[in-house]
Amino acid sequence: MAALCGAVLWPCVALSAPADVGQEQEAVVTLAQVVAVRPPPTEMLRGVVDSVDEGNDTIRIRLSADKTEPFKVQDGLLFNAVRFGDPVAITVQNISGARTIVGLSKE
């Protein structure tokens, strides 16, 4: 019975093998390139909400006594979560050339 199954299935196995070893290696290289894609680096910052500008999708954070910086907001629901004066910890990524808040927690 095993010999019969082998005789029937052998042509299918032979047909499913890659026709060109170069194609197989190219597929492995392409897969390796996809796996090598890394998420953008993140930065953790702490500060106090200085202003909220929902019309421009930005929140301005006071990072120190003399430094205030605007950040784009990835998720518009953050506008409902913070108010002027709230101490926050934010996670920032550079998305499309703009420093963008991708995570926020109140402290």
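Quick one: grab the alpha carbon gyration tensor of the range 68-107, order the square roots of its eigenvalues as a ≥ b ≥ c, and give me rounded if a/c is under 1.5, else prolate or oblate depending on whether a/b is larger than b/c. In terms of gyration-tensor shape, prolate. Amide H contacts under 5 Å for I95: T100, restricted to partners 5 or more places along the chain or on a different chain, H placed in the peptide plane at 1.01 Å from N.
Under the simplified labelling scheme, the F84-S105 pair shows an inter-label distance of 2.8 nm, with each label point 7 Å from Cα along Cα→Cβ.
Read-outs: derived from the displayed coordinates by stated rules, not from any lab. Bear in mind the structure is a predicted one, so any value in this text is a computation, not a measurement. Positions of Cβ are generated from backbone atoms using ideal geometry, with glycine treated the same way; all protein chains shown enter the neighbour counts.
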